[in-house]
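Nothing in this text is a laboratory measurement; each read-out follows from the coordinates by a stated rule. Everything numeric here is computed off the predicted structure, so don't read it as measured data. All Cβ positions, glycine included, derive from the backbone under ideal geometry; neighbour counts span all protein chains shown.
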């Protein structure tokens, strides 16, 4: 940390680079060997604040550029994320209770064999021999098995 009463030497070009990396005030202060309070106080000066804002904006542009590259490479997840965040797209789930269609379709976990050489068979139901938890109102917070 710098001594109290000394003038902090903060290179504005370096500050812009750190801001473009979205560094926090604490990280910037540590880099320049000053207190966080110094960064907060200097930010009140127009030129200092403009450098930080310009750096943060450049950093956001860089992130967006990388996201667009991922989208162009076929990353579907990034396409959905960018659509939601930039274009305001949302997931829409519609429920039609008057359609008469079942609300739940159950699909078997193990499909029946489809080939003569297939050995897949349905599993038998699990045996129910595990102990069941019991509850006693007089013993709140305790659990017993048996």
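Overall shape of region 12-86 was characterised from the C-alpha gyration tensor. The equivalent ellipsoid obtained from it has semi-axes of 32, 11, 10 Å, in decreasing order. FRET efficiency for the residue 90 to residue 45 pair, using the beta carbon distance and R₀ = 25 Å, is estimated at 0.05. Of interest is the spacing of the C-alpha centroids, which for region 55-84 and region 32-50 amounts to 30 Å.
For the pair residue 72 and residue 31, label points projected 7 Å from Cα toward Cβ lie 2.8 nm apart.
In plain terms, the chain from residue 24 to residue 7 could stretch by 4.0 nm, reckoned as 0.36 nm per residue minus the Cα-Cα distance.
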